[in-house]
Each structure stands twice: as structure tokens, then as C-alpha cells.
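Here the structure comes first, spelled out in C-alpha cells, and everything after it is commentary.
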Amino acid sequence: MKINNIIGGLLLLSTTGCSGFLEEYSQTEIRASKISHYDELLLGSVYIPSKMPGGSFILPGGGSCDFFNMLDDDVNTVSELNIDNTGGDNYFNYTSGMLKVMFGYSAWQRDITQTEQTTHDDASTWTDLYNRIAILNTILEEADRLDLTLEEDIHTRDRVMGECHFLRGQFYFILANLYGKPYNLSTSATDLAVPLKTSSGVVHEEGKDTQFSRATVKVVYDQVVKDLEAALSYLKKQSKGVLYRASEEAAAVLLSRVHLYRQEWGKVKELLEPYISQKLYLSTLTTTDTLTSDAPFLTEENTEVLFSQGSLFSQVIFSGQAPDFCVSKDLYNLYEEGDVRRTCFTHHLVTDSVALMGKFRHTSHQSKVSDVLMIRSAEAWLNMAEACAMDGKNETLANTYLNQLRENRIRDYQARTYSGEELVRQIRLERRKELCFEGHRWFDLRRYSVSDPYPYSKKIYRSYASYDYLTLIKTGTYVLEENDPAYVFDIPKTVREFDKVSMPRNERPDRPALEDK
């Protein structure tokens, strides 16, 4: 027997208190009657909010994608105890509440729910994004069926359709890069990613062993490109609105990122050239005084910020104070003399730890710009530089874009010229310095490992400690090996066990427990 439902009822009604928002379509289906209804639904139930209902802020562990910046080599752990250079900057007291939320992610656990420290649900991001995708599928089908005659309504529908395609593309891109292998030119057609669904009907066949199957990495990426190209087409007809809703410029930069991940260098260049020359701009840091937590770099007023959704997590937990997280010395030491970002983004404390201070608004973590789901202009310069360097035919242009970015970040900067592998290395380093704590580094490390040419992978260390008041009782250093299987998250347990025949999982290695001191 097959059961088909339109996403509706309580799910849709929970998104708004407007009377008349939905009208009954039949005993089993509910459909909105106006394009404005779908516009409200999109804003209320699909865009990821920066605050919980009622106005309280979403803290780490409370929303989608909040762990992205806890995974890579830009983050480290803090306490009063320094350790040797085989591990992190300092030990961390894992009995603190924040580590109970983030330990499974930051220490690359096989199953993040199977440690005594972890309180985070490993299915939260998966479930949240698929719920939003389900609503998007419904809006895309139902809004397109509306018989609209007013030019204003048609214009609104084009915008809604564009935003829906943008968000569905972004969400599937995230899911593929969490639960699928990085896009490998040789194996993407066989590597498994995530289930792909682009229709609103929910189909369940009783007696069938498997209701859901994982699409390949290539199939999911193909859909992402299709969605973002559609978004770009629709949004080109719209004037740029608020940064909390998708725009033509944001769609162009995100699509260029997808092409970059697929190593489609020519498509990146072709796509971005008109935007960089006409619609995207860089902030000039070199003519300003050193920024502080009272005058942060990335705010809703910064013209570089093209789009943002979701809350700000990094600023809350990267204080550089024990027991908290900090900016890694590895990243901090990359900023050269005169690089304003060193003092603009970070602050070296007297405890020999580095805090993330000025990149986002610091006071009361009230920034309205997300640290994981933001898109800004600087990425376009880096995407262009990398694409031009990697295709081997446009190294002059690659140097131009790299130098243009640096001129706006480093005082008294003198243009430099690189070639070959060194050019690519410099662009990757610049990407790390510029886009740190914006949700890029983990995904970048994944794709570098399968890059053709110039593959790259590295070991990452994370050190922890546990105290009984002032007594150190347990210590340990966790290592993410080069090309570690943990670069791919396991399919959440609840998802694997939904079908009679378990969905194929991604095996991750066990990590040793902390040892008694």
C-alpha cells in the first residue's frame, strides 16, 4: 500500500499565526491559496533562524550545522596547562558543559552519541535539513501551480521559486559534504552520499525492506548545480533585498563554490567574472584602525556579506579562556607582519592563548551574521584565484586576484608572483586565513585530499584533560590522520535503523578514551 501526503497540517500551521494562512484542500491535503502564503512559509519554516521562537538565542548544540568550526585545524582547546607541540595549545577540561555538547565532534568520535561526555544528538542537523527540504519541495510544486495574473504576484513567485532552489541546493550541498565522500573525479559516480528527494509526496510501501537509498555523490551534486542555476535564473529578475534572504549575488558565489569542489575551473571563472567586476566588493581593512570587539569586521552592515542564515556559535565558545576553545597557534602564526586580520579577527591573551574577538560581534553573542551559513564577496576572489591557478592556463589572473585580496588586508603590501604548486599553496593559505571560522575549512580539507592536481592532507591533533577540582585526573590527545575516514560522518543511527535493511553506513575509526593520569 502507498500513502501519499502533501506536507501540511500541523507542520505548516506551526509556522505562522496569520488567520487564513491555509485553506482546506481536501480531507487529507492542505494547500496555501496565495503566493504570499508560500512567501511567509518560506521565511517562517525554511530559512534557519538566528533565534529560537520567543527571541532567545540559539546556543551551540541547539541548531543546524553549529559544529562545523569545531572539526578542523583552526580550533584548539584551552586550560591553564601548556603541553608540548605534539598536541594542542593547551588542555581542555572536558567536564565543562560546552565540551559535553561538542566533544564528539571535536575529538572525531566514531559515533558522537556513544561517549559519556557527549549530550549532542548526531541526527539533529540531518533531521533539521531534511525537514526544511520537505517544505521546499512542497512550495516549489504548489507555488508553481498557482494561477497568477497580477504582475506583482508573478514577481513574488519568481523570487520565492529562486529562494527555494537556492536553499534546497545549499542544504543538499551541506548534507553531501557531511555524509558523503569528497567529490572525486574518478569515483563520484559510485561513492554514496545521501538520499535525494525533490518531490513533495511521501511514499511508503509496506513490506518493502528499504524505503530510502543513498544517491551517489555525483547525482546529489548534479541536483545542487541544477537548483543553484535555477535560483540564479529566477533571482536575476529581482532587486537585491535583505541579506537574510537569498540573492542573485549569493547564488552566484555559492554555485561557484560547487563548481570549485567539482574541479570545474573554467565554469568558476566564467560564472564569477561579471560579478567581481560589477556587483561584488571587498572591504578595505588596511585604512582602518585596529578593530575590536566593539567594532567587529563581519556584521550585517558589512557590504561584503551577501547572505546569512542561522546563528553565531564560534564567538560564544572561542574565548581563549579555560575551560573553553581557542584559535589554534597554527592559524594565528600564518598572519604576517602588517596583516590587519591578525588583530582584527583574533586577540592574543596573556595566558598564551588566542581568542576569536573581532571577526564577529563579541558582546553577548548578538551578531546577526552566522559563522557557518554566511556567504560573502571575499570568497569570490579566492574561488577565482584557485580556479585560475588550478587550470594551469591563467596563473597571471590567479596572482591578480590573490594580490587584490591581500592589498585590502595587509598594510604596505607589495604584490607577489607565484607559479605552479606554490601558487596553489599560497591561495589555499589565504583562503584559510580569510575564511576562518566561517564553516569552510573542514570542507576544504576534505576536497584538497582528492584534488587533481596537488592533493593535500595533514594530521590534526586535539588534546583534552579532565580535572577533579584542581587535580588533573585524565589526559589524552586525539589524532585525525591524513585522509582519515572520519572526514565523512556516519549516517545517524536513527536513519540507518529506519528500514528493515539498514542503510549503508560510513565507518569511522574508534578513538582511544582519555587515560588516567
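The values are calculated or read from the model by the stated rules, or taken from the named source; none is laboratory data. Note that this is a predicted model, so its numbers are computed, not measured. Every residue, glycine as well, gets a Cβ built from its backbone with ideal geometry; the counts of neighbours run over all protein chains shown. Keep in mind that these areas ignore ligands, DNA and RNA; they rest on the heavy atoms of the full protein, side chains included. Shrake-Rupley method; radii C 1.70, N 1.55, O 1.52, S 1.80 Å.
Each residue in region 454-476 was checked for being at pLDDT 75 or above, among the charged types (D, E, K, R) and either open to solvent by less than 30 Å² (accessible area, probe 1.4 Å) or assigned to a strand (DSSP E or B) (or both), and 1 of them qualify. Scanning region 182-203 finds no residues that are farther than 23 Å from GLU229 by Cα, among the charged types (D, E, K, R), in a loop (DSSP other than H, G, I, E, B) and open to solvent by 30 Å² or more (accessible area, probe 1.4 Å).
Can you go through LEU312, LEU331, LEU298 and tell me which one is hydrophobic (A, V, I, L, M, F, W, C), crowded, with 20+ Cβ neighbours inside 10 Å, under 18 Å from SER50 (Cα atoms) and at pLDDT 85 or above?
Sole residue among the options that is hydrophobic (A, V, I, L, M, F, W, C), crowded, with 20+ Cβ neighbours inside 10 Å, under 18 Å from SER50 (Cα atoms) and at pLDDT 85 or above: LEU298.
Among the criteria (1) within 20 Å of SER256 (Cα to Cα); (2) modelled with pLDDT of 95 or more, the one LYS393 does not fulfil is (2).
Within region 32-66, track down each residue that is more than 20 Å from PHE307 (Cα to Cα) and at pLDDT below 90. Even if it seems obvious, please write down each step before you answer.
Of the residues in region 32-66, the ones more than 20 Å from PHE307 (Cα to Cα) are 32-38, 53-56, 59-62.
ALA32, SER33, PRO53, GLY54, GLY55, SER56, LEU59, PRO60, GLY61, GLY62, listed by residue number.
Restricting attention to region 247-264, which residues are closer than 19 Å to PRO182 by Cα and assigned to a helix (DSSP H, G or I)? Listed by number, the residues that qualify are LEU254, LEU255, SER256, ARG257, VAL258, HIS259, LEU260, TYR261. Quick check on region 245-252. Is at least one of its residues among the hydroxyl-bearing types (Ser, Thr, Tyr), at pLDDT 95 or above, under 21 Å from the mean Cα position of the chain (by Cα) and open to solvent by less than 60 Å² (accessible area, probe 1.4 Å)? Scanning region 245-252 turns up at least one residue that is among the hydroxyl-bearing types (Ser, Thr, Tyr), at pLDDT 95 or above, under 21 Å from the mean Cα position of the chain (by Cα) and open to solvent by less than 60 Å² (accessible area, probe 1.4 Å). The single residue among HIS155, HIS165 that is open to solvent by 70 Å² or more (accessible area, probe 1.4 Å), assigned to a helix (DSSP H, G or I) and in contact (Cβ under 8 Å) with a residue 40 or more places away in the chain turns out to be HIS155.
Being modelled with pLDDT under 90 and either in a helix (DSSP H, G or I) or under 30 Å from ASP128 (Cβ atoms) (or both): is that true of PHE498 here? Against the criterion (modelled with pLDDT under 90 and either in a helix (DSSP H, G or I) or under 30 Å from ASP128 (Cβ atoms) (or both)), PHE498 qualifies.
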